[in-house]
Amino acid sequence: MGGKDLDPEAERLLSQHYAETEGSDFVFVTKYPRAARPFYAHPDANPDGSLSTDLTRGYDLLFRGIEITSGGQRIHDHGMLMDSIASYKLNPASLEGYTEVFKYGMPPHGGFAIGLERLTARILNLANVRQAVLYPRDRYRLTP
C-alpha cells in the first residue's frame, strides 16, 4: 500500500482472491499504515510490545469488491493524542473541543462508519450506488 489506502481496483482484486480461495464475500484488511489513517488512529503493537510508528489498529471491511466499513481503535491517552496531532502537523488549538476531555481520562475505545448505501447497492446488485440512496446528490442536486 505504500502508506496509502487501497484503491478501488485493489479492493476488487483482494475481494476476488478471497472469494475464490476462501469462499468468502467478506475480507477484513487490518493494520493500516499510519499515513492512510486519521490522527486519532491508535498505533498497533510491535512484536516486542512497543507501539508501531508505521501501523495502526485500523481496518476496512470489504464486501464483494468494495469497502463497506472503516474503523479501528482510537487513541485514548492525552499525551499520545497530542503527539499524534503534532506529527500530522495539525493545529492543536483547532482540536481543543475534541482533545479537552482526554485530559481527564478516556477509556480505550474505537469507532467505525458503515457505508449503508454502498452495502445496499452491493447486496441488491444495483448498477449505481445512487439507486440505493433516498436523496442522491450530483452536480445538479446538492440538497434533498
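FYI, it's all coordinate maths here, none of it is from the lab. Being a predicted model, the structure only gives us computed values, none of them experimental. Cβ: placed from backbone, ideal geometry, glycine included. Neighbour counts: every protein chain shown.
Things worth noting here:
- Residue within region 43-52 that is within 30 Å of P136 (Cβ to Cβ) and either assigned to a loop (DSSP other than H, G, I, E, B) or without any contact (Cβ under 8 Å) to a residue 40 or more places away in the chain (or both) present: no
- All positions within region 102-144 that are among the small types (G, A, S), at negative phi and not in a helix (DSSP H, G or I): G110, G111, A113, G115, A127
- Selection from region 70-99 of residues that are in contact with a helix residue (DSSP H, G or I) (Cβ under 8 Å, 6 or more places away or on another chain) and surrounded by 13 or more Cβ atoms within 10 Å (Cβ to Cβ): I75, H76, D77, H78, L81, M82, I85, L95, T99
- Any pair with Cβ under 9 angstrom, 6 or more apart, that starts in region 76-93 at a residue that is in contact (Cβ under 8 Å) with a residue 60 or more places away in the chain and among the aliphatic types (A, V, I, L, M) and ends at one that is surrounded by 13 or more Cβ atoms within 10 Å (Cβ to Cβ) and not in a helix (DSSP H, G or I): none
- Among the residues of this structure, R74 does not count as one that is farther than 18 Å from R34 by Cβ and within 16 Å of the chain's Cα centre (by Cα).
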